[in-house]
Structure formats: structure tokens, C-alpha cells
1. Return the whole-Å distance between the Cα centroid of segment B:28-60 and the Cα centroid of segment B:61-107.
2. Okay, helix-only estimate at 222 nm for the protein assembly as shown: each DSSP H run of n ≥ 4 adds -39500 (n - 2.57), divide by all residues, round to 500 deg cm²/dmol; what do you get?
3. How would chain A be classified by its alpha-carbon gyration tensor: rounded, prolate or oblate, with rounded meaning a/c under 1.5 and the a/b versus b/c comparison settling the rest?
4. Limiting things to C-alpha atoms, what are the Rg and the maximum Cα-Cα separation (Dmax) for segment A:74-165, in angstroms?
5. Taking the Cα centroid of segment A:80-106 and of segment A:146-197, what is the distance between the two, rounded to the nearest whole Å?
6. Could you check how much of the accessible area of segment A:41-197 is carbon and sulfur, as a whole percent, using a 1.4 Å probe?
7. Work out the mean other chain Cβ neighbour count within 10 Å for the residues of A:172-183 and drop it here as an integer.
8. Straight-line reach from B:Lys51: which aspartates and glutamates have a Cα under 14 Å away, not including same-chain ones fewer than 8 places off?
Amino acid sequence: MAKREDDLRTPGELLGLASEFNAGRGSYCHDGKIYASLVGIRHLIEAKQGSDDLRPTIEIRREKERDAVPEAGSTVTAKITKVQARMASADIVCVGPRAVKEKFTGIVRQQDVRLTEIDKVDMHSSFRPGDIIRAEVISLGDSRAYYLSTAKNELGVVSAVSVAGATMVAVSWQEMQCPLTNQREPRKVAKVVTSNE
Amino acid sequence: EEGASRIVLPGDVVFGLAAQAQNKVLRLGSGLSQDADRVVAIKAGRLNHAKSKLWVEGSQKRYIPSAEDSVIGIVIDRRAEEFLVDLNAPVLGLLPILSFEGATRKNIPNLKEGAVVYGRVVKAHRDISPALSCLDASGKGSGYGPLKEGYLFECSTGLARSLLGTPTYPVLEALGKSLAFEIAVGVNGRVWVKSDAPATTVLVSNAIINSECLSAAQQHILVQKLLQAAK
């Protein structure tokens, strides 16, 4: 086995010729030569049997996993911090299944709360401060916040606390009920699909 | 409970719901909160019970916005779609620029910083800024809108409610017999008075401010004395 120092590559390092190798993830081809674009370990993957291209693929894989960062199109879990007339602010807590290491701020605009009747949306009847929501990142937004959307059936409030202090149960896509007082509160509820369905 | 009007402090248990095994509908008004199986007062004041509604009435200097209240606000700033209005409350109120009688996109009311408006609280909740309007529920002006000229002073929320309540507040009744003036009362503890002569405005304002703890008879005497001294 080659020692790790031999296989560690840095960006810009020449890996081989394009005539002999395929440029895989973490590398790129320029002027007939293959260079690394990441810091990491070089891996060689043999070509699939029966394929036309017999060249092995060079891949550079990072040693450590990167911290979770929201990307456009990723599903995030966020906690609502502020509800205003035309938008709601939230702190992004998880990206997919992974928790984030630093705080990201997201904004859900009035027109991105749901798919139907978007100009009649009442932000206060959709979210309240403290609610946990599942949302999708629409764009990286501006320097202050990501833009989030809950305009799908499976997006919206997944967990909320009632005014009496108890965790509420979803009764429809528009309402949640407090188990202590039986009072219903309006929210944009996410349709959580369980493994039984 | 019915008829018994008592003083409550924040934290006092008004009554336990579990003990009352009746199927009655009881509406909780301001100053009360449901805590699992008990109803607890969250404001200091007198507990009132009428029809099937229970509520606490207290007198504070600070106003807590509540829906359907008529308030006097002072314009602080103008945003793209609304005015920011000070209501003597913990948060600023938002007054949409089109929520005035006769307001259209081309004819937006030109309210500057410091302008006084008489408006209605449309929506109020502890998590949001209260939404205001200078139109009543059916879309008409009915007295709401900017208050021009005149004199504005502050009082407690209890006095403001008495001025607006029925029967007519004794001081207002007595003053109305001898003087001509316009008055607007906001339940957020603000009173606006306007009349032709500054002396009349001062007299009316003094009479109202000093009448808070007086009985009806004492209030009539107060007004008599003020009117005589003015002559």
C-alpha cells in the first residue's frame, strides 16, 4: 500500500494525461492533461467491463467531510424567529439530516408559503415564533438570509407549541390542536409521511 | 362567580375548570389565560362577569393592543406600504397607507412625522405588530382618520375607558352644557381636545385629568369651580 503522503494531492497538481485517464470528481482536464482541483487523496477507479472507454478514472476525495451548508434545492429544518406582515425569519438548524455548525438565517416570503392563493396568505396564521418548519432553499438570497419556501405538501410546520405550552397535534393542513386545552391554532402544516403509509 | 366582582392580581387562579363539571360556554376576555385546567389572571384589576364572558379590567399607563380598540396614534415614520404609528404600547402599530377614507393609489394621505391619527386596531397578538386601520369594518371612515390641530394629552387606560363608556362621563356631561369643543378618546390612554379658544381647551383638559378619582357629584363641583374661575 502506498503511503498516504504519496497519494495526497493539492489543487493544480498534475495527475496524468487525458489520453491515459478519465477526469473524475475533484479533477479537471486542461490542454490534454488532468489536474487536481481539490485537496485530498487520489483514487483510481477501473473502467467498467464492456464499456467503450477503457481508461481508468482518477478521483480526488477529501479526507474530512465538509460542514453542512444550505444549497439551492436542499431541504432544511429551521426554527421561526420572527413573523412579520409579509415575511417570516427563521434560523436554519439542519440541512437534510445533518446539523449545521454555524448559524444560517432564512426568510420565507408571503408568496412562498403555499401554492394556492398566495396573495391572501396571512403570515400570522401560517407560522408563529418558535415553530419548527421543514422548508426548501429556493436561492442563496442576499448577504443577510437564504430564501426558503414551504410551498409543497410535505413542507411547512412540523412541530409547534400552543399558547398553553403543550406540543400541538396536526389536525389538517391548516390547523393544529393543543392536547391540553383542545384549542385549535392556524398553521401551514407539513404533511409528514410515515413509513406505514 | 356571577355578579361577584373582585380584585385579582397576576397569578391568581380565577377558578378551576376541572371542578366545574358543567357544559357551559365561557368566553375569556382580556387579562385572563387558560393554564391547562385552570383559568389564571395575568393582569391586575377588577374581575368582571357578564353574560358568558369573563374579563379583567385594570388601569395602566401602558397600553396593550387588543383587536377592535379605538386608539389615538402618533405617526413616527412611513414605510413603502404603511405608516409606523406610536400607540404608547410595547410595539409600534402598522397603518396601511390605503386604509383611509377616500385613499387611492394616486391619492395617498400625506401624513408627516408627528401627525395624530384616530384609528382602529384590526389585529393584535403578542407575536406581531398590531395592524391598524382608519376605516371601520364596513370600509367607511366614521370618524377615523387624521386629527388636525387641537391638543393631545395622556391619561391612564382606565380613565380613557370611563370617558368612552356608558353612562356618559359626568365631567363631559357638565362641560358639554356650557362649552363647545371637540374631543377624541383613544383607549390607549390618549385624549385629543379641540376648541375655538385656547382657554376652553385648557379648561376641558384640566377638568378631565383631575377628575379620575372623583365621584360623579365631585366631578360636577369641579367643573363648576373651573367655569367660575374662568369668568
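1. A separation of 27 Å, based on Cα centres.
2. Values: 6 runs with 52 residues, N = 428.
Calculated at 222 nm, the ellipticity per residue is -3500 deg cm²/dmol.
3. Numbers: a/c = 2.94, a/b = 2.78, b/c = 1.06.
Note, shape of chain A comes out prolate.
4. Cα radius of gyration and Dmax of segment A:74-165 are 12.2, 37 Å respectively.
5. Rounded to whole Å, the Cα centres lie 17 Å apart.
6. Accessible surface attributable to carbon and sulfur in segment A:41-197 totals 48 percent.
7. Details: counts 0, 0, 0, 0, 0, 0, 2, 0, 4, 5, 0, 1.
Taking the mean over all residues of the peptide, I get 1.
8. B:Glu1, B:Glu2
The values are calculated or read from the model by the stated rules, or taken from the named source; none is laboratory data. This one's a predicted model, so the numbers in the text were calculated from it and none came from an experiment. Note: ideal-geometry Cβ built from the backbone for every residue, glycine included; neighbour counts use all protein chains shown. For the accessible areas, the whole protein counts, side chains as well, though only heavy atoms, and no ligand, DNA or RNA atoms are used. Shrake-Rupley method; radii C 1.70, N 1.55, O 1.52, S 1.80 Å.
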